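Read-outs: derived from the displayed coordinates by stated rules, not from any lab. Please read all numbers here as calculations on a predicted model, not as lab measurements. Note that each Cβ is placed from the backbone with ideal geometry, even for glycine, and that neighbours are counted across all protein chains shown.
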Amino acid sequence: MKKGILLIVVFMTLITSCATTKNSEPTKLTAFIETNAECGQCKERIEGLMNFEKGIYYSNLNVESKILEVKYNSKKTSLDKIKKTISELGYNADDVKALDSAQKALPACCQPGGM
């Protein structure tokens with residue numbers, strides 16, 4: 001499990017370094033965001049929200065690893081906006097903590113440590 005997370009972090013670093021080249025800024029990027037999702041309801045809630053966000057064309061939450069993969073168009077949205085949206089839904093998004101009131105409104109099984 002730890003090796004998998006380390007591999008994801010290394011992969012994210014490579015993506016970030018590729019995305020910051022001088023001559024061409026890619027518009028289609030992939031991000032891996034660590035969440036505190038607990039169950040299948042969390043998966044449905046997060047992926048459902050991502051489906052309606054401008055600029056996002058793919059999202060998949062791995063409930064076991066709690067990693068959300070998001071493919072997005074950087075000309076229409078940003079990684080910071082995506083993380084903020086997730087936090088407003090009640091979940092942590094990497095270093096962006098969940099909005100307290102939104103987290104408290106989640107079902108008991110979706111609360112941190114709820115499962």
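Identify the GluC sites (Glu not before Pro) of the stretch 26-82 meeting these criteria: DSSP loop state and at most 16 other C-beta atoms within 10 Å of the C-beta.
GLU64
May I ask which residue of TYR72, CYS109, ILE86 lies farthest towards the positive end of the charge dipole of the stretch 62-115, with charges of +1 (Lys, Arg) and -1 (Asp, Glu) on Cβ and the Cα centre as origin?
TYR72
Report the gain in length on full extension from ALA105 to GLU69: 0.36 nm times residue separation, minus Cα-Cα distance, nm rounded to one decimal.
10.5 nm
Go through the stretch 56-108 and name the trypsin sites (Lys or Arg not before Pro) that are in a DSSP coil and have 11 or fewer other Cβ atoms within 10 Å of their Cβ.
Within the stretch 56-108, the qualifying trypsin sites (Lys or Arg not before Pro) (loop, at most 11 other Cβ atoms within 10 Å) are LYS75.
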